[in-house]
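Just so it is clear, none of the values below were taken in a lab; they were calculated from the coordinates. If you're wondering where the values come from, they're calculated on a predicted model, not measured in any experiment. Neighbour counts run over all protein chains shown; Cβ positions are idealised from the backbone, glycine included.
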Amino acid sequence: MTLRGIVICPEGDLAARFDEALAEFRGVQIVRELHRYPDHLELMRMIRSCIPHVLFVSIETLPKALEILTTVRAEAPGIQVAALSRTLEPSALLEAMRAGIRECLAPPFDRKELGEAFARMASAVEQTPVLLDVTDHVYAFLPSKQGVGTSTVAMNVAIALGRQKKGEVLLLDMDLSSGIIGFMLKLSNSHCVVDAAENAHSLDESIWSQIICQKGGIDIVHSGRLNPDFRIEAQQIRQILDFARRNYKFICVDISGNLEKYSIEVMHEAKNIFMVVTTEIPSLHLAREKLAFLQRLDLADRVRVILNRYHRKSLVTPSQVEGLLGVPIAFTFQNDYQGVHAALQDGRAVDPGSELGRQFRSMADSILGVLPGAEPQQARKRVVEFFSILPPRVQATGTERP
Ligand SMILES: Nc1ncnc2c1ncn2[C@@H]1O[C@H](COP(=O)(O)OP(=O)(O)OP(=O)(O)O)[C@@H](O)[C@H]1O
Ligand SMILES: [Mg+2]
């Protein structure tokens with residue numbers, strides 16, 4: 001096997017000598033080299049984006065090296081940590097060994113000794129695979145019909161999630177034919193999902209930081225200029241989502257309703273598909289068609305219906321919607337033209353204090369599994385069975401029924 005390694009070594013001379021010695025070994029590939037000690041966040045981003053087998057860490061500043069070791073043990077068990085040292089100073093060495101570092105490497109980096117150390121590390125890697133915390137919270141937002149408000153819902157729910165999980169939420173606009181999220185949030189970044197697709201095979205945190213925008217406490221990749229002819233390959237979708245799963249806890253993907261191959265790939269990757277409908281007959285008709293289509297792909301059981309732009313005077317009632325679709329409504333969002341319009345004008349989410357804002361928050365809470373209020377569980381039991389994606393008591397709260 002080839003050992004993928006990251007070198008963390010502030011001492012330039014030591015790093016250079018180690019690199020030189022490594023040049024003779026084909027079985028070790030250094031995927032990243034850092035000439036300073038990273039903080040916790042940077043270390044984890046680096047680990048998630050290149051999943052190394054080994055970290056070669058200088059122990060010249062021992063407390064820093066031990067911090068790295070503690071992080072790896074807690075958050076990425078399975079990754080080997082080897083010490084680099086100029087002098088193999090006995091007391092530092094002893095402390096490193098006590099902390100659990102099994103390999104210590106020092107100049108002149110004897111070829112035979114290095115080879116043996118790498119062989120031991122390779123066999124340790126084979127015995128204990130690297131375990132990383134990868135999220136399964138991927139949610140696709142699918143319009144039943146154009147203009148039902150899917151992007152509005154996706155964006156507002158993502159931002160509501162971000163209010164509680166700062167820095168852990170990603171919103172991907174994968175609607176290449178009419179992506180609107182960049183416009184909605186007044187994003188100015190010139191990079192977009194097309195760049196993510198083109199770099200999908202080699203995404204790392206430095207490329208990613210250029211692709212994303214940050215707004216409202218979340219990271220966003222917008223869809224760029226209209227690009228209906230651009231096709232993202234299924235493999236690129238998987239690579240982008242793999243990267244995102246390692247770097248975020250919650251991933252919301254806005255897709256078009258055209259059911260392109262890449263949108264279907266996103267739905268295959270998703271834990272839930274939130275299909276947005278309104279009480280308009282054409283939307284309901286197309287929702288039925290889409291449900292039948294998703295059924296044929298074995299995706300129907302992950303669909304959750306969102307009724308958007310609902311108002312009490314609507315001619316079609318929510319229970320008629322459920323009857324027509326044969327599926328319960330999971331969340332209902334009221335029609336609030338003014339609230340949505342004001343948010344659009346300011347390039348932000350809907351006011352979280354408004355009724356619609358609270359409904360978005362309820363849906364976010366249910367995704368998060370937060371249990372607001374003390375509702376009697378018993379009374380909700382049937383709903384629990386009905387709506388569950390996560391703790392269903394909350395899900396029921398998110399459903400505003402007249
Ligand atoms: N709950 C709501 N209350 C009032 N207006 C809304 C609501 N949700 C969305 N809208 C409005 O509906 C229109 C369509 O919204 P949006 O672009 O989010 O829909 P979409 O389903 O993503 O459309 P597309 O099919 O073009 O992707 C916009 O003018 C938006 O402001
Ligand atoms: Mg849209």
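Given H placed 1.01 Å from N in the peptide plane, which residues other than close sequence neighbours of ILE79 have an amide H under 5 Å from its amide H?
The list, which skips near neighbours in sequence, is LEU131.
Test of understanding: ordering LYS145, LYS261, LYS290, LYS313 by Cβ neighbours within 10 Å, fewest first, what list do you get?
Listing LYS145, LYS261, LYS290, LYS313 from fewest to most nearby Cβ atoms yields LYS313, LYS261, LYS145, LYS290.
Would you grab the residues whose amide H sits under 5 Å from the one on LEU105? Only those 5+ places off in sequence or on another chain, please, with H modelled 1.01 Å from N.
The answer is ALA83, LEU84, SER85.
For LEU131 and ASP346, what does the FRET efficiency come to when R0 = 35 Å and r is the distance between their Cβ atoms, rounded to the nearest 0.05?
My answer for the efficiency is 0.20.
Through the Karplus equation 6.51 cos²θ - 1.76 cosθ + 1.60, θ set to phi - 60°, convert the phi angles of segment 348-356 into ³J(HN,Hα) values in whole Hz; use x for Gly and Pro.
Listing the rounded values in order: 9, 7, 4, 3, x, x, 6, 4, 4 Hz.
Among ILE59, TYR37, VAL253, which residue has its Cα positioned farthest towards the positive end of the charge dipole of the chain, with +1 placed on the Cβ of Lys and Arg, -1 on the Cβ of Asp and Glu, and the dipole taken about the Cα centre?
Farthest towards the positive pole: VAL253.
Nearest 20 debye, what's the magnitude of the dipole of the chain about its Cα centre given +1 on Lys and Arg Cβ and -1 on Asp and Glu Cβ?
Value, rounded to 20: 1400 debye.
What's the FRET efficiency of ARG73 with ALA16 using the Cβ-Cβ distance as r and R₀ = 22 Å, to the nearest 0.05?
FRET efficiency, ARG73 to ALA16: 0.15.
Amide H of ARG4 versus every other amide H placed in the peptide plane: which residues, excluding those fewer than 5 positions away on the same chain, fall under 5 Å?
GLN29, HIS53, VAL54
Residue by residue, what Karplus-based ³J(HN,Hα) values in Hz, rounded to whole numbers, does segment 170-175 have, using 6.51, -1.76 and 1.60 with θ = phi - 60° and x for Gly and Pro?
Per-residue couplings from phi come out as 10, 10, 10, 8, 10, 8 Hz.
Once phi is turned into ³J(HN,Hα) by the Karplus curve 6.51 cos²θ - 1.76 cosθ + 1.60 with θ = phi - 60°, what whole-Hz value does each residue of segment 64-73 show in order, with x for glycine and proline?
3J(HN,Hα) across segment 64-73, in whole Hz: 5, 5, 5, 4, 4, 4, 4, 4, 4, 4.
Just the number, please: Stokes-Einstein D of the chain in µm²/s, Kirkwood Rh from C-alpha pairs, 10 °C, 1.306 mPa s.
After rounding, the answer is 68 µm²/s.
For segment 3-127, what class follows from the C-alpha gyration tensor (a ≥ b ≥ c being the square roots of its eigenvalues): rounded when a/c is under 1.5, otherwise prolate if a/b is larger than b/c, else oblate?
rounded
Mind sorting MET97, MET46, MET363 by how few other Cβ atoms lie within 10 Å of their own Cβ, fewest first?
Going from least to most buried by this count: MET97, MET46, MET363.
Note down the net charge around MET121, summing +1 for each Lys or Arg and -1 for each Asp or Glu among other residues with Cβ under 14 Å from its Cβ.
-1
Just how far, in whole angstrom, is segment 17-80 from segment 137-213 if you go by their alpha carbon centroids?
31 Å
Along the charge dipole of the chain, which of ALA122, ILE6, HIS285 sits closest to the positive end, that is, farthest toward it, with unit charges on the beta carbon of Lys, Arg, Asp and Glu (+1, +1, -1, -1)?
Positive-end residue among those listed: HIS285.
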